[in-house]
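Working notes for the structure below.
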């Protein structure tokens with residue numbers, strides 16, 4: 001059955017919850033859903049998230065149900081709700097692994113860190129998709145918070161390049177820099193970019209297009225790219241038409257795999 005929406009359960013602690021913490025948690029969740037949706041689909045209409053239900057139980061739990069409203073008929077509502085599943089899956093992933101989950105960006109992980117930090121009356125937050133019934137609930141535990149913090153810690157800095165879609169550009173006037181976001185289709189994760197004002201015109205021209213960016217890359221302990229200080233930027237084709245196929249590339253050195261296919265060859269290498 002298709003997902004209907006996201007249920008958020010906020011458990012109060014010993015003191016009553018602060019209003020601004022309640023609204024900030026919902027804001028962070030909605031922004032996380034939007035960021036995930038932008039990673040899932042670079043181009044397309046975005047849903048408006050509305051409160052479909054609000055309940056304060058006698059146990060002290062506050063339950064909020066969020067549902068998507070489509071502003072356009074060109075994109076099915078079911079497609080827009082995939083961000084709910086990705087959000088819940090990401091929280092579950094962070095419960096065991098200190099890495100940026102699929103369709104997340106470092107900024108999204110930062111939001112999860114804030115939500116998972118008990119403060120101002122809330123002791124615990126959990127999320128679940130629903131479709132008439134509540135599906136498996138993902139609790140933002142202390143393990144989730146710790147792994148999210150580790151996932152955002154830079155462990156290695158080296159020069160390199162990243163290819164993907166340049167889907168967000170914003171400015172930071174106080175630091176005289178521009179901020180960008182590159183969604184890497186290969187890893188299905190987004191990378192934050194810092195760009196000098198010298199490349200502002202190039203950013204404008206390449207916004208919402210596939211690009212290859214080069215610069216200093218900061219990676220976490222799992223080897224995932226978190227941030228790149230961009231000093232080179234070039235446009236890539238929007239698809240793979242005209243690009244050489246793997247078979248053509250392997251044809252450059254036909255004896256390289258000793259007559260084996262790629263899967264068998266890689267299996268023998270890993271098993272060595």
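None of the figures in this text is laboratory data; all of them are computed from the coordinates on show. Keep in mind that what you see is a predicted model, and the values were worked out from it rather than measured. Note: ideal-geometry Cβ built from the backbone for every residue, glycine included; neighbour counts use all protein chains shown.
The peptide list 194-203, 161-170, put in order of mean Cβ contacts within 10 Å with the highest first, becomes 161-170, 194-203.
Apply the a/c threshold of 1.5 to the C-alpha gyration tensor of region 156-235 and tell me whether it is rounded, prolate or oblate. Provide the component values of the computation, followed by the final result.
Numbers: a/c = 1.77, a/b = 1.29, b/c = 1.38.
Judged from the Cα gyration tensor, region 156-235 comes out oblate (a/c at least 1.5, b/c at or above a/b).
Taking 30, 19, 127 in turn, the Gaussian network model of the chain (Cα-Cα springs below 10 Å) assigns the largest fluctuation to 19.
Would you order 133, 24, 38, 155 from fewest to most other beta-carbon atoms within 10 Å of each residue's own beta-carbon?
On the way: 133 9, 24 16, 38 21, 155 13.
Fewest-to-most Cβ neighbours within 10 Å comes out as 133, 155, 24, 38.
If you average the C-alpha positions of region 78-157 and of region 1-62 separately, how far apart do those two centres end up, in angstrom? Centre-to-centre (Cα) distance: 12 Å.
Restricting to the chain, compute how many DSSP beta bridges are antiparallel as a %, nearest 5.
Once the DSSP bridges in the chain are tallied, antiparallel ones form about 95 percent.
To the nearest ten degrees, helix 82-94 and the longest principal axis of the Cα atoms of the chain are 90 degrees apart.
Using only the alpha carbons of region 71-157, what is the convex hull's orientation-averaged projected area in square nanometres?
Working: hull surface 31.4 nm².
Dividing the Cα hull surface by four gives the mean projection, 7.8 nm².
Tell me which label goes with the value of Cα extents along the principal axes in Å computed from the coordinates here: [x] 53, 44, 34; [y] 71, 48, 43; [z] 60, 43, 35. Structure-derived value, by its label: [y].
What FRET efficiency comes out for the pair residue 21/residue 97, r = Cβ-Cβ distance, R0 = 30 Å, nearest 0.05? Plugging the Cβ-Cβ distance into 1/(1 + (r/R0)^6) gives 0.65.
Spacing of the modelled spin labels on residue 187 and residue 163, each 7 Å from Cα toward Cβ, amounts to 1.5 nm.
Note that region 5-151 carries a Kirkwood radius of 15.4 Å, evaluated over its alpha carbons pair by pair. Here the sum of -39500 (n - 2.57) over DSSP H runs of 4 or more residues, divided by the residues of the chain, equals -8500 deg cm²/dmol at 222 nm, to the nearest 500. Here the gap between residue 177 and residue 197, fully extended at 0.36 nm per residue and compared with their Cα-Cα distance, gives a gain of 6.6 nm.
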